[in-house]
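Please read the structure below before turning to the comments.
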Amino acid sequence: MASKSAGIIAYRMRPEIEVLLVHPGGPFWRNKDLGAWSIPKGEYADGQDAEATARREFAEELGLELTVPLVALGQVKQRGGKIVTAFAAEVDIDTHSIRSNTFQIEWPPRSGKRQDFPEVDRAEFFALDEAGEKINEGQRPLLARPAGAACRRRLPLERGDRHTLRGIAQTGFSLSVTGEVTTRNTRSVRPEFEIACSTPGGRKITSCLRTTWFLPAISISPSPSST
């Protein structure tokens, strides 16, 4: 059975969205960067609550207890098969003051000596394009999800309005397109919106805030022609 973990994507608006990632501690990860970062997360067993686990791991890895409400972002599967359940929270923290828990291993190998290392040796906020390069590949689809929630909450969208979407495609490339709101679904708990757009290369897309090809990211804002 695949292992399961739960974690939190903390994000802030500066003025565009930035997400918090952590770098694993220990000698194995010391010189690794791209693809090595992660959301703060930890494993949980059947019968345990994913949100409680995510809050606990955030506190253990960063030394900060989150009391703000969390927004469920769903799950992704990493290359090794691990299922990651993620939640989002809009919160700003001082990344220079984190205090991580530690683990102990024999180091150097076969030396008979045991050393303590922090589970997380640093944390940083990244804009989404840079975060897409830093984060574990299996977690990359999570990056757009808190941005979509933030956009829905911050900007009222109406059918016929024109807005600019700035984001990252599934390939990891930055993308900025302008389109017209074509659909507004107010029947769901979190209203969803579709915007018909064309990419700079001419590819026509219809982008819902929860689709996978176009990942809504940095911001949605009225286009210059909007009145």
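The phi-based Karplus calculation (6.51 cos²θ - 1.76 cosθ + 1.60; θ = phi - 60°) puts the 3J(HN,Hα) values of the stretch 38-43 at 8, 6, x, 7, x, 7 Hz, whole numbers, x for Gly and Pro. Modelled label positions at D116 and K82, each set 7 Å beyond Cα in the direction of Cβ, lie 2.3 nm from each other. Working note: Karplus 6.51/-1.76/1.60 with θ = phi - 60° gives the stretch 13-18 the couplings 10, 9, x, 8, 6, 10 Hz, where Gly and Pro are set to x.
Here the simple spin-label model places points 7 Å from the Cα toward Cβ, and for D33 and T102 these points are separated by 2.7 nm.
Of the solvent-accessible surface of the stretch 14-134, computed with a 1.4 Å probe over protein heavy atoms with every protein chain present, carbon and sulfur atoms account for 47 percent. Rounded to the nearest whole Hz, the Karplus-based 3J(HN,Hα) values (6.51 cos²θ - 1.76 cosθ + 1.60, θ = phi - 60°) of the stretch 127-144 follow the sequence 5, 5, 5, 6, 4, x, 7, 7, 6, 3, 4, x, 8, 4, x, 6, 4, 7, with x at glycine and proline. Sketch the reach of a paramagnetic label on E137 as a point 7 Å from Cα along Cα-to-Cβ, and name the residues of the stretch 61-86 whose backbone nitrogen lies under 15 Å away. Backbone N within reach: 77-82.
The values are calculated or read from the model by the stated rules, or taken from the named source; none is laboratory data. Computed from a predicted structure; not experimentally measured. All Cβ positions, glycine included, derive from the backbone under ideal geometry; neighbour counts span all protein chains shown. Side chains are part of the model used for accessible areas, which takes the heavy atoms of the whole protein and leaves out ligands, DNA and RNA. Shrake-Rupley method; radii C 1.70, N 1.55, O 1.52, S 1.80 Å.
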